[in-house]
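*Asks:* What follows is a structure written as structure tokens; I'll ask about it next.
The values are calculated or read from the model by the stated rules, or taken from the named source; none is laboratory data. Since this is a predicted model, take the numbers as computed values, not measurements. A quick note on method: Cβ atoms are made from the backbone with ideal geometry, for glycine too, and the neighbour counts reach across all protein chains shown. To get the accessible areas, we keep the full protein, side chains included, count just its heavy atoms, and leave off ligands, DNA and RNA. Shrake-Rupley method; radii C 1.70, N 1.55, O 1.52, S 1.80 Å.
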Amino acid sequence: MDGNTYLYIAIGVVLVLVVIYRIATREERRRKKYLTAVLKSWGQIPNREYEYDEFQSIGNYYKKTKGKEFTIDDITWNDLDMDSIFMSINNTQSSIGEEYLYKMLRTPCFDKETLDERNRVIEYFSSHEKERIEYQIDIAHVGRTKKISLYDYISNFAELENEGNFRHYLHILLIFVAIVVLIQNPAFGILAVIFVLGYNIYEYFKTKSDIEPYFVCVGAVTRLIHSCEYLGKHKEPELKEYLDTLREGAKKLSSLKKDAKYIGSGDKLSGDLGEIVMDYIRMFTHLDIIKFNNMIGKVQKNIKTIRGMLETIGQLEAYIAIASYRECLPFYCRGDMIEGKGTILEAKDMYHPLVEEPVANSIYENRCVLLTGSNASGKSTFLKTTAICAILAQTIDTVPAHSYHANFFRVYSSMALKDNLQGNESYYMVEIRSLKRIMDAEKEEGATVLCFVDEVLRGTNTVERIAASSRILQTLAQNGVMCFAATHDIELTQLLKDYYSNYHFKEEIIDDDIIFNYRLNKGSATTRNAIRLLQIMGYDEEVIKEADKTAKHFLETGVWEM
């Protein structure tokens, strides 16, 4: 052999060794990648960007597993921009972790035991860095889906109709028959083998085109089992109940992982050097279709176990994300929750977790609250802050405040409403529907309703607004609802003084500039600065003068006059 031959042989050997090395170290490289992501993200607010379809899929686990329990409804969720709260907490590495976290935020609990258990695990991960990192890496093997939730992948797989394998076994039998014919009559046997292989290939692709979209579901199930096996090797006694569930589930489903090895899924679960040969074996024998049908039956039989594994992994990773979130906050507390019906809400130094350099406010109340003050003074932010704190206290047991002492509440809001153009409804109609749902909720069994209303009935005229809103707010208070309402109508502070405690936000005008301190003050607002603000913004002096004159005349006589 000449030098070129030796060179080609050497290059071939090197390429083979490189391939073997990459296959052999694939798991190690994957774990290093996960480790880097875990270390970089801990204690940081995630800066991940979400595609619309991806974000929609995250909520499917909550929607599909929602029962009759109380959950945060869509109006309240959107009013409070809870999607942004979720994204700021979502320091997860897998789909099921973020799906469970989303469900947790939408499903407040109403017992101390559940919150205590959550906090116990959260604090364990906070104080055991080495173990926490290992758990994060093991959970990361579940992977992240985008347009379809992991729960949906597995549910869709379980709902497939299993046609059985009888006809596929017949295709294998045909191969043996053709081989026998080939031995006995080589000339005719060659034609028989070609015909059988061609027929098998045709039927293979005809069948596979229908089921191949579901092969990604095989990858989802297999990754779940792999992750449970990794987690099952842990021995931490503090997490024994969770680990036992995962260990038993992985053991019960181990045969599914074996079946998946024969399936050339789009998830690339195998990738060994014999993959090309295996592709031909699959086409001739339908081996992957046979194994796929076997997996459908096993998944259907063990769907309860699989969903239990999903829930357990989701819980663990959600708790880790909450532990990371606590590291991001300037300060926080656990909620000191009071069981039984009541209207106690006492919080010291509450702040909005999404506001940069937020102003903390305190409130100690056992009855409804009416907020007054000018636009942009802080009323809406305070309402949202209080509502978010109430939800976080009953979900992630982490309140952005120095202390929080309150009853368990069912939280509702009616704040950031819009005209329903598609439904041909005015703002006022949307608003009264929103308020009606709160009044109806009070009649249902459950914890006290805590509601937040911003500018009640702003969509109608002044006289009817004050008349109707005073009665609605009075009825809510009389029926045991704890209501926080913001209004510009100072008249309500007098009409409702027997039912609502008055608070206000104020501003100062210094050197033709308006200064807000965003501090909550007791009592109702005593200043009116709307007309003065027109002056600051450069409106004509005549407009300012006449507006001031008109307002003064109304206050003196009760009659409007131009």
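*Asks:* Filter segment 305-330 for residues that are open to solvent by 60 Å² or more (accessible area, probe 1.4 Å) and not basic (K, R) and give the result.
*Replies:* Correct list: E311, E327, P330.
Every residue, every condition in (1) of a type in the set (F, W, Y); (2) modelled with pLDDT of 90 or more; (3) open to solvent by less than 20 Å² (accessible area, probe 1.4 Å); (4) assigned to a loop (DSSP other than H, G, I, E, B), yes or no:
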residue: Q44; (1), (2), (3), (4): no, no, no, yes
residue: N47; (1), (2), (3), (4): no, no, no, yes
residue: Q56; (1), (2), (3), (4): no, no, no, no
residue: E69; (1), (2), (3), (4): no, yes, no, yes
residue: S88; (1), (2), (3), (4): no, yes, yes, no
residue: E99; (1), (2), (3), (4): no, yes, yes, no
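*Asks:* If I filter segment 445-487 down to residues being part of a loop (DSSP other than H, G, I, E, B), without any contact (Cβ under 8 Å) to a residue 60 or more places away in the chain and open to solvent by 10 Å² or more (accessible area, probe 1.4 Å), which single residue comes out as nearest to I363 (Cα to Cα)?
*Replies:* If we take residues in segment 445-487 being part of a loop (DSSP other than H, G, I, E, B), without any contact (Cβ under 8 Å) to a residue 60 or more places away in the chain and open to solvent by 10 Å² or more (accessible area, probe 1.4 Å), then E455 is nearest to I363 (Cα to Cα).
*Asks:* On to the next question. When residues of segment 338-358 are filtered for being assigned to a strand (DSSP E or B) and either open to solvent by 80 Å² or more (accessible area, probe 1.4 Å) or under 12 Å from L392 (Cβ atoms) (or both), how many remain?
*Replies:* Final tally of qualifying residues: 3.
*Asks:* For segment 103-121, indicate whether the set of residues that are closer than 19 Å to W42 by Cα, open to solvent by less than 40 Å² (accessible area, probe 1.4 Å), of a type in the set (A, V, I, L, M) and modelled with pLDDT under 95 is non-empty.
*Replies:* Looking through segment 103-121, none of the residues is closer than 19 Å to W42 by Cα, open to solvent by less than 40 Å² (accessible area, probe 1.4 Å), of a type in the set (A, V, I, L, M) and modelled with pLDDT under 95.
*Asks:* Checking G143 against (1) touching a Lys or Arg at 6+ places or on another chain (Cβ under 9 Å); (2) open to solvent by 60 Å² or more (accessible area, probe 1.4 Å): exactly one of these is not met. Which one?
*Replies:* Just one mismatch for G143, condition (2).
*Asks:* Can I ask one more? Working carefully through the options I201, I148, find the one that is part of a helix (DSSP H, G or I), in contact with a helix residue (DSSP H, G or I) (Cβ under 7 Å, 6 or more places away or on another chain) and either free of Cβ contacts under 8 Å to residues at least 60 places away in the same chain or farther than 29 Å from R326 by Cα (or both).
*Replies:* Matching residue, one of I201, I148: I201.
*Asks:* Can you name the residue in segment 148-170 that is open to solvent by less than 10 Å² (accessible area, probe 1.4 Å) and either over 40 Å from the mean Cα position of the chain (by Cα) or not hydroxyl-bearing (S, T, Y) (or both) and, of all such residues, is nearest to I190 (Cα to Cα)?
*Replies:* That would be H168.
*Asks:* Name the one entry in E365, E317, E357 that is free of Cβ contacts under 8 Å to residues at least 60 places away in the same chain and acidic (D, E).
*Replies:* The match here is E357.
*Asks:* Given the condition modelled with pLDDT under 95, more than 24 Å from L243 (Cβ to Cβ) and open to solvent by less than 10 Å² (accessible area, probe 1.4 Å), answer yes or no: does some residue in segment 294-304 qualify?
*Replies:* Yes: one or more hits.
*Asks:* Let me ask something else. Among the listed residues S362, S377, which satisfies the condition of being part of a loop (DSSP other than H, G, I, E, B), out of contact with any Ser or Thr (no Cβ under 7 Å at 6 or more places or on another chain) and closer than 17 Å to N502 by Cα?
*Replies:* Checking each option against the conditions leaves just S377.
*Asks:* Which of the residues that make up segment 235-269 are under 32 Å from the mean Cα position of the chain (by Cα), at pLDDT below 80 and of a type in the set (S, T, Y)?
*Replies:* S265
*Asks:* If we keep just the residues of segment 488-500 that are part of a loop (DSSP other than H, G, I, E, B) and modelled with pLDDT of 90 or more, which is least open to solvent (accessible area, probe 1.4 Å)?
*Replies:* Once the filter is applied, the top-ranked residue is L496.
*Asks:* I'd like to verify a number: residues in segment 71-86 that are open to solvent by 40 Å² or more (accessible area, probe 1.4 Å) and either farther than 16 Å from S413 by Cα or part of a helix (DSSP H, G or I) (or both), how many?
*Replies:* So the count comes out to 4.
*Asks:* What are the pairs, 6+ residues apart or on separate chains, where a residue within segment 228-242 that is without any contact (Cβ under 8 Å) to a residue 60 or more places away in the chain and closer than 20 Å to G143 by Cβ has its Cβ under 6 Å from a residue that is buried (at least 19 other Cβ atoms within 10 Å of the Cβ) and not polar (S, T, N, Q)?
*Replies:* Close Cβ pairs satisfying both conditions: E229/A250; G232/L246; G232/A250.
*Asks:* Pick out the one residue from A187, A178 that is among the aliphatic types (A, V, I, L, M), crowded, with 16+ Cβ neighbours inside 10 Å, without any contact (Cβ under 8 Å) to a residue 24 or more places away in the chain and farther than 30 Å from K63 by Cβ.
*Replies:* Just one listed residue meets the conditions, A178.
*Asks:* The conditions are (1) at pLDDT below 95; (2) closer than 30 Å to S377 by Cβ; (3) in a helix (DSSP H, G or I); (4) not β-branched (V, I, T), and Y325 fails exactly one of them. Which is it?
*Replies:* Result: Y325 passes all but (1).
*Asks:* Select from segment 221-241 the residues that are open to solvent by 20 Å² or more (accessible area, probe 1.4 Å), more than 27 Å from N293 (Cβ to Cβ) and touching a helix residue (DSSP H, G or I) at 6+ places or on another chain (Cβ under 7 Å) and list them in ascending order.
*Replies:* Within segment 221-241, Y230, H234, E236, E238 qualify.
*Asks:* Of the residues Y412, Y428, Y404, which is out of contact with any helix residue (DSSP H, G or I) (no Cβ under 7 Å at 6 or more places or on another chain), surrounded by 14 or more Cβ atoms within 10 Å (Cβ to Cβ) and aromatic (F, W, Y)?
*Replies:* Result: Y428 is the single residue among Y412, Y428, Y404 that is out of contact with any helix residue (DSSP H, G or I) (no Cβ under 7 Å at 6 or more places or on another chain), surrounded by 14 or more Cβ atoms within 10 Å (Cβ to Cβ) and aromatic (F, W, Y).
*Asks:* Somewhere in segment 196-212, is a residue under 30 Å from Y50 (Cα atoms) and not charged (D, E, K, R)?
*Replies:* yes
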